[in-house]
Amino acid sequence: MSNILIVCASNKELKSVKKQIKNISHPQKNKIFYLASGIGNYQTIQNFTSFLEKNKIDFVINIGICGRSNEKPPAIQVGRIKNIHTNKELIVPIFFKYEKIESIACSENICKQKNFSENFVDMESFGIEFVCSKYNIPRIILKVPYDEIGKDISNIDFEEAADSIGKKIDINKLIQHSQKYIQKIPKEKDRSHLKQELNLSFQQYQILKHKIKKREVLNQKDFNPKYHLDEIDFTK
């Protein structure tokens, strides 16, 4: 039995997802949990952590709408998150590719102007990735670009925005992909030999592993070349 958790920021988004979950093949192999994490990273971290303390989860699917610049693909898969308030960066491991991989900015407030380099922005992906990494849970973060960054949101139909999730992402297919991944979870690559070969301290070794993982994600062909790390010196 696989325990899959679907996390959305709002109940409206979660309702849209639930409407799409029908006729999943081999349902006896899945137990699907749902969580409305709340809006903003702090609330997300608190509610998400509280849920995981009480439930064993094998895979996390985070789905929601996000702000966009002029670019409007149907959906994106998040591979890099930049917190625009703390300037901290998180790299999301690509356990399997489902949509075009993009970098996203994460804000605690509604962005009234675009003053960052990313083409997309949301308010909870940083919290989702932070908690998943601490609990070592495989995950995928998918966003449906909807409203334009910097535009007045007072006239946005949030019901319509939430419904766009089900129209842009095939939830049933996504769950099936997640189930297949869970059944064949690969072991993490053993790089312990590098610690001895390079004579690294524990801290240096952890930094090295992070940089290697960052390279693997950001050198995906989907990413803008400005994120590519071909020239990085992993010994520094």
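The values are calculated or read from the model by the stated rules, or taken from the named source; none is laboratory data. Quick caveat, the model's predicted, so the values are computed rather than measured. Neighbour counts are summed over all protein chains in view; Cβ atoms, including those assigned to glycine, are modelled from backbone coordinates with ideal geometry. Just the protein is used for accessible areas: all its heavy atoms, side chains included, with ligands, DNA and RNA removed. Shrake-Rupley method; radii C 1.70, N 1.55, O 1.52, S 1.80 Å.
Is it the case, given these coordinates, that residue 204 is at pLDDT below 85 and assigned to a helix (DSSP H, G or I)? Walk me through how you get there before you give the answer.
Numbers: at pLDDT below 85: yes; assigned to a helix (DSSP H, G or I): yes.
Yes.
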Test residue 99 against the criterion of being closer than 14 Å to residue 141 by Cβ and in a loop (DSSP other than H, G, I, E, B), and give yes or no.
-> yes
Within the bounds of region 168-183, is there any residue that is more than 16 Å from residue 18 (Cβ to Cβ), out of contact with any Leu (no Cβ under 8 Å at 6 or more places or on another chain) and modelled with pLDDT under 80?
-> yes
Within region 1-41, count every residue that is modelled with pLDDT under 85, of a type in the set (S, T, N, Q) and either closer than 18 Å to residue 57 by Cα or touching a Phe, Trp or Tyr at 6+ places or on another chain (Cβ under 7 Å) (or both).
-> 3
For region 57-96, enumerate the residues that are assigned to a loop (DSSP other than H, G, I, E, B), over 22 Å from residue 4 (Cα atoms) and not polar (S, T, N, Q).
-> 71, 72, 73, 74, 84, 85, 88
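If you take the residues in region 138-150 that are open to solvent by less than 10 Å² (accessible area, probe 1.4 Å) and of a type in the set (A, V, I, L, M), which one is nearest to residue 93 (Cα to Cα)?
Ranking the candidates gives 140 first.
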Which is open to solvent by 40 Å² or more (accessible area, probe 1.4 Å) and at pLDDT 75 or above, of 199, 155, 219?
-> 199
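One line per residue, one yes/no per condition, for (1) open to solvent by less than 40 Å² (accessible area, probe 1.4 Å); (2) at pLDDT below 95; (3) touching an Asp or Glu at 6+ places or on another chain (Cβ under 6 Å); (4) aromatic (Phe, Trp, Tyr):
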site	(1), (2), (3), (4)
43	no, yes, no, no
59	yes, yes, no, yes
66	yes, yes, yes, no
70	no, yes, no, no
80	yes, yes, no, no
84	no, yes, no, no
87	no, yes, no, no
How many residues are in contact (Cβ under 8 Å) with a residue 40 or more places away in the chain, out of contact with any Pro (no Cβ under 7 Å at 6 or more places or on another chain) and either on the phi > 0 side of the Ramachandran plot or not hydrophobic (A, V, I, L, M, F, W, C) (or both) when one looks only at region 50-74?
-> 10
